[in-house]
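The values are calculated or read from the model by the stated rules, or taken from the named source; none is laboratory data. Here the structure is a predicted model, which is why all the values come from computation and not from measurement. All Cβ positions, even for glycine, are placed from backbone atoms using ideal geometry, and neighbour counts span all protein chains on display.
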Amino acid sequence: MNHKLNIAISSYRSAPFGGGQGIFVYELSKALQALGHKVDIISGPPYPSLESGVNLIKSPGLDLFSTFVFRDRLILFKNKKNKSLDDWFEFFSALMGGFPEIKTFGNRLKVLLKDSPYDIVLDNQSLSYGILQVQNNIPVIEIVHHPITKDYKYDIQFSKGIIQKLSKWRWFSFLRMQKKVAPQINVISTPSLNSKNDIEKDLNVIKENIFVIPNGIDHIKFSPKNHIKRIPGQLITTASADVPLKGLDFTLQAISQLKKDYPTIRLIVIGTPRPGGHTERLIQKLNIEANIVYKTNLTKEEIAMEYAHSNIAIVSSLYEGFGFPVGEAMACSIPLIATNVASIPEITSTYAELIPEGDSKSIENAIRNILLDPFTYQTRANEGRKHIINNFDWEKIAQSYENLIYQTMEKFKC
C-alpha cells in the first residue's frame, strides 16, 4: 500500500506562537502535504497558522481561556449562538476551575467525523471520550507528547497550601478521562523513548501499542545568522507558560546571582508572563526586573534572530516529552545549557551542557563556564546543528508517520 491519503489532524487547541501544539500541527501537516497527501486540520481555538494548501476546519469552542476575567468569559458564553450541552458544560466547568476543553472538543469531533471522508485521523493529545467513538469508525493514531500526569505532579509539588493544591486538582480533573481512554486507544505515537515509558507506566498502555517517532525541527528557519553580532551578556530561554514544569524559577535565580559579576546581563524570555502571576512576583522579589525581557508572539524567523543575538540558550525544564526549544536552539548553533531529564538527552546527545534539574547553582556555573570559554562551546554548538539536521529533519519524520499510517490502516481492516 502506498497511495495518497485524505488525512485529518485534530487538535483541541493549536496556538501558533505559545507552546508546542501549534508548532507541531503546522510542521506535521506541512510535511505530510509535501509527501502528496491531502491534509485537513480540525482545531479548537486558538487556531493554528498553516501552510498554503492545508485546510483548517474550525471546531469553535468558547475559547474561555483567552481570558481569566469572569465578565469577558460571560460575554464569550452569551455570544455563542445555538448553545449545545457541551457549551454549557464548558462554561460552568471553567467557572468552577476546571479545564473542560479537551472533553468538549472530543465530543464535537465525533459529530464532525460522523460521516467521515478521511482515511485516518491523527489526534493531537486529547485522549478524549469522543476519540474512542471516532476510533470505532476510522483508523486513529493518538499522538501523546507526554502524559499530563507529569504536569500535574510538578504543579502539586510546587503548590503552596491546601487551597492551591485543591485548585490544581480541579484543573487537572480531565486526567481521570485520559487515564480511562488511553488503554483503549489502538495506536499511540510519542516523540521519545522516555515518553513511551511514562505513557506505559502512568496511563497503563500496553507498550506494543506505543510507537516512537521524534518530532522534527525546522532547521531552515532555525539557522545561524553569521552576519549578526551577539549582544554581550544576552542569554535566551523559552517559557511558553507560567508553570513549574518549565523550571524558569531556577534560571531566574541563577540570573540574580550572576548579576553581581555581570550587572548588564540580560535574559530574553520567549513567552507570555501571567500578569501578577508567580513568575512576575519572583522577578520582583529577586530585583532583576531590569535584566529580564519578555518577547511574545514571535515568528520562527524572529525567534531565530533572538538566538543569533544571544550568547547562550537555557532550557531549565523539569520535564519535557519533546523539547522544541532544545532542538531549535541547537539548529541555530547557539551554546546550550539544558537539564538532563526526560527526553532532553535523547535530543541533545553530547552537544549541550547537561545539568541536574531544579539546580540554579548548576545553571549559574554553566553560564560562567561558557562566557569564559566561548570558542570551545561554540565549536560544540556548530556540531550540534549537524546532529539536528541528520536526526530531526521533518521530511524523514513525515515518512515515519506515513509508514505508521499505512500500518494502522491495515490493522484497522483486520
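Checked against (1) closer than 22 Å to residue 145 by Cα; (2) surrounded by fewer than 20 Cβ atoms within 10 Å (Cβ to Cβ); (3) at pLDDT below 95, residue 23 passes all but condition (2).
Would you check if residue 342 is closer than 19 Å to residue 229 by Cα and either in contact (Cβ under 8 Å) with a residue 60 or more places away in the chain or assigned by TED's automatic domain parsing to the domain that holds residue 154 (or both)? Considered against the rule, which asks whether it is closer than 19 Å to residue 229 by Cα and either in contact (Cβ under 8 Å) with a residue 60 or more places away in the chain or assigned by TED's automatic domain parsing to the domain that holds residue 154 (or both), residue 342 comes out as no. Among the residues making up segment 138-161, those that are modelled with pLDDT of 95 or more and either over 18 Å from residue 321 (Cβ atoms) or not assigned by TED's automatic domain parsing to the domain that holds residue 175 (or both) are 138, 139, 140.
Note on segment 302-356: among residues that are crowded, with 24+ Cβ neighbours inside 10 Å and among the charged types (D, E, K, R), the one that is farthest from the chain's Cα centre (by Cα) is 328. The single condition among (1) free of Cβ contacts under 8 Å to residues at least 12 places away in the same chain; (2) touching a Ser or Thr at 6+ places or on another chain (Cβ under 9 Å) that residue 78 does not satisfy is (2). Can you confirm whether segment 367-384 contains a residue that is under 21 Å from the mean Cα position of the chain (by Cα), part of a helix (DSSP H, G or I), charged (D, E, K, R) and not assigned by TED's automatic domain parsing to the domain that holds residue 32? Among the residues of segment 367-384, not one is under 21 Å from the mean Cα position of the chain (by Cα), part of a helix (DSSP H, G or I), charged (D, E, K, R) and not assigned by TED's automatic domain parsing to the domain that holds residue 32, which makes the answer no. For segment 179-197, the set of residues classified as in contact (Cβ under 8 Å) with a residue 60 or more places away in the chain and under 20 Å from the mean Cα position of the chain (by Cα) consists of 189, 190, 191, 192, 193, 194, 195, listed by residue number.
Only one entry of 122, 109 meets the criterion of being assigned to a helix (DSSP H, G or I) and in contact (Cβ under 8 Å) with a residue 40 or more places away in the chain, and that entry is 109.
Of the residues making up segment 269-322, those that are of a type in the set (Asp, Glu) and within 26 Å of residue 371 (Cβ to Cβ) are 289, 302, 306, 320. Scanning segment 218-242 for residues that are crowded, with 19+ Cβ neighbours inside 10 Å, part of a loop (DSSP other than H, G, I, E, B) and either touching a Ser or Thr at 6+ places or on another chain (Cβ under 6 Å) or of a type outside the set (Ser, Thr, Tyr) (or both) gives 218, 219, 222, 239. The residue that is farthest from the chain's Cα centre (by Cα), among those in segment 202-217 that are closer than 26 Å to residue 391 by Cβ and assigned to a helix (DSSP H, G or I), is 208.
Considering 272, 279, the condition of being of a type in the set (Val, Ile, Thr), modelled with pLDDT under 95, assigned to a helix (DSSP H, G or I) and outside the structural domain of residue 152 (by TED's automatic domain parsing) is satisfied by 279 alone.
Being over 16 Å from residue 31 (Cβ atoms), touching a helix residue (DSSP H, G or I) at 6+ places or on another chain (Cβ under 7 Å) and part of a helix (DSSP H, G or I) is the requirement here; does residue 363 meet it? It is true that residue 363 is over 16 Å from residue 31 (Cβ atoms), touching a helix residue (DSSP H, G or I) at 6+ places or on another chain (Cβ under 7 Å) and part of a helix (DSSP H, G or I). In the set 364, 357, 353, only one residue is assigned by TED's automatic domain parsing to the domain that holds residue 319 and without any contact (Cβ under 8 Å) to a residue 60 or more places away in the chain; that residue is 353. Residues that are hydrophobic (A, V, I, L, M, F, W, C) and surrounded by fewer than 16 Cβ atoms within 10 Å (Cβ to Cβ) within segment 364-394 comprise 372, 375, 389, listed in sequence order.
Applying the condition of being among the hydrophobic types (A, V, I, L, M, F, W, C) and touching a Leu at 6+ places or on another chain (Cβ under 8 Å) to segment 167-202 and asking which residue is surrounded by the fewest Cβ atoms within 10 Å (Cβ to Cβ) yields 177.
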